[in-house]
Amino acid sequence: MATLTLTLAALATSAVPGLVAVAVRPHHTSGDAFAAAILTTPDDEIIVSVPRTQQAETTQSASTLGLAALTDGARAELPFAVPRSLGMTRAGATRAVATTYLQGSRFDVSDLSADAILIDSIAESLAAIHSLPRSVAQQGGLVERSARDQRLLVTRIVDRAQATRYLPETVHARWTEALEAAELWDFEPRMVHGSFNADALLIDDDRIVGVLDWSGLSVGDPASDVSWLFEAGDDVFDAVMGRYAKRSGVGESATMRSRASFYHELEIAKWLLHGVDTHDAEVIDDAVAMLDRLVDRLSLLDGPVPSRDALGEAAAMDLLTQTPTVTDRLSDTAAFEALDEDRMFGFDTDFIEPLTAEDADAAEAAQSQSAAEQAAHDEQPTEPHDEMLTAPLSDDELPRSQRS
């Protein structure tokens, strides 16, 4: 470790001409992504870092570009300190970058509460970043995404997650529904930090005094900078957004809240894709477990409809008195035909005159005679009796081949 620290110190002196270091110590909060050391100079402290992975190198390059875009004028609008790039040098196949070192403590987002003093400082910092002019991105060569670009970017992430076959159908349907909601993506792009979360914040005396990791500085969706607050709970998110709305002057937005919640869930998809891309089974299993918990939470939100108590006699009678009268909307003709059984079954008796007594007796006699004839007919065999069919044939009547 001592050898690595001295090597980093040597790289720092190479990156920053004229640097005089009086002390050096390892920096462990960078995690496994970077090898870092802090050098003490007569005037200040600087930090030198070397990426250990390709992803870390990409992040370092983007952060250097973001810091360069933050001019003195832009930095003056921010209520916190921002690191300054001091120089860089080659370090084997990668590079070493030296920046000013910012003092401050870290905090865990799970420790935040809705009434914490830090809530106001978080809202102030977010509003200040989002109020920076878009010219910062334009002059600094940073990414500028429209609302449509942001929607397409998120769609690609969802599609890639679905292609892994690890994404539950319930979650995929929920995310697809959010992507198809046009009103959700009707927002004004602003300058965003892009990586704003507890890991990037330095605090002192319940205030944010420094913000790190400017690799995501760009024009985009401001909801992406507040999604991490859901880790502390809905009440913390609402507390921050209430103060943010007053400071930014944009008012509270339900669609911004919905997008932030969507981005928060989408972090699981990004973690899953990271595991798939690096062929890390442990990361994949962790992401799948997180997706399963998300499904369980969604199931709880979509619980069964609560049962209702049976109505009492008085309530039932009162309900009946409130039953509206149903108006028959049949036309006069349709109503007449519905009641006219003869016409319904094909008999039109509208113009049949009633029978006289004599005609009635004659009709009754004719009906009786017809019934008697029908009964007699029924008693006869189905084939008529014919002697020609039953008498034997003589030899003369037979063909010659059959004569005896």
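Residues considered: 126, 142. Of these, the only one that is surrounded by 19 or more Cβ atoms within 10 Å (Cβ to Cβ), assigned to a loop (DSSP other than H, G, I, E, B) and among the aliphatic types (A, V, I, L, M) is 142. Within region 161-182, take every residue that is part of a helix (DSSP H, G or I) and within 18 Å of residue 224 (Cβ to Cβ) and give me the one that is nearest to the chain's Cα centre (by Cα). The extreme case among them is 175. Residues that are assigned by TED's automatic domain parsing to the domain that holds residue 189 and within 21 Å of residue 112 (Cα to Cα) do not occur anywhere in region 277-287. The set of residues in region 254-290 being within 14 Å of residue 224 (Cβ to Cβ) and of a type in the set (Ser, Thr, Tyr) consists of 255, 258, 261, 263. For region 1-50, a tally of residues being under 15 Å from residue 90 (Cα atoms), assigned to a loop (DSSP other than H, G, I, E, B) and hydrophobic (A, V, I, L, M, F, W, C) returns 1.
Only one of the numbered conditions (1) within 18 Å of residue 210 (Cβ to Cβ); (2) surrounded by 17 or more Cβ atoms within 10 Å (Cβ to Cβ); (3) under 38 Å from the mean Cα position of the chain (by Cα) is not met by residue 56, and that is (1).
The values are calculated or read from the model by the stated rules, or taken from the named source; none is laboratory data. None of the values given here were measured: they were computed from a predicted structure. Note that we place each Cβ from the backbone using ideal geometry, even for glycine, and neighbour counts take in every protein chain shown.
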